Amino acid sequence: MILETVEAFLAALPAHRAIAGLDLGEKTIGVAVSDRLRSVATPLLTIRRVKFTQDAAQLLAITAERELAGLVLGLPRNMDGSEGPRCQSTRAFARNLEKLTDLPITYWDERLSTVAAERALLEADTSRKRRAEVIDHVAAGYILQGVLDRAAHLDRG
């Protein structure tokens, strides 16, 4: 089920289960996972995209193996907040994925997540080759951490 607000998504999640953040690119999908208390996002891996059925099978294998409770997809809005073709592509991916799983799915505004990930990797003196290998799942970590921070803020009320 696709939930448009993070609040509705968080309300639909069972307690003490991790969630995943996804950074959907044209060629790759960055994957990050939270801990069971949903306080820290950890970059996990980058999936090389082939076609939807194979990409979805890999994602669903990860969700099953890690007993994940939900998925957060980065929504690549334009800088003015409008939605362009990449947002439409992300929403289409979510609609197709929704047909294959009962897990709650939501979106998180991912503007500048890749920029932030790149900056963090540069500050860590990561080589260009290594940055290329990890940028997508590090960006997914930024997306997921945004949702986790929002959840913590809501809990504090």
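Each reported figure results from applying straightforward, stated rules to the coordinates on display, with no laboratory input. All values reported here derive from a predicted model rather than from experimental measurement. Neighbour counts are summed over all protein chains in view; Cβ atoms, including those assigned to glycine, are modelled from backbone coordinates with ideal geometry.
Semi-axes of the equivalent ellipsoid of segment 105-157 are 26, 11, 8 Å, computed as sqrt(5λ) over the eigenvalues of the C-alpha gyration tensor in descending order. Considering only HIS16, VAL33, LEU122, and ranking their Cα positions along the charge dipole of the chain that arises from unit charges at the beta-carbon of Lys, Arg, Asp and Glu, the one farthest toward the positive end is LEU122. Separation of segment 1-71 from segment 94-157 is 10 Å, based on Cα centroids.
Computed over the alpha-carbon pairs of segment 1-129, the distance histogram in 10 Å steps reads 12, 44, 35, 9, 0 percent, short to long.
Take the Cα radius of gyration of segment 54-157 and divide it by 2.2 N^0.38 Å, N being the number of residues; the result is 1.17. Rounded to the nearest 20 debye, the dipole size of segment 6-152 about its Cα centre is 340 debye, using +1 on the Cβ of Lys and Arg and -1 on the Cβ of Asp and Glu. Our summary gives the chain a relative contact order of 34 percent, counting only alpha carbon pairs under 8 angstrom and 6 or more residues apart.
With the helix formula -39500 (n - 2.57) applied to DSSP H stretches of n ≥ 4, the chain reaches a computed 222 nm mean residue ellipticity of -15500 deg cm²/dmol.
Note on the chain: antiparallel DSSP beta bridges, both residues inside, total approximately 55 percent of the bridges counted.
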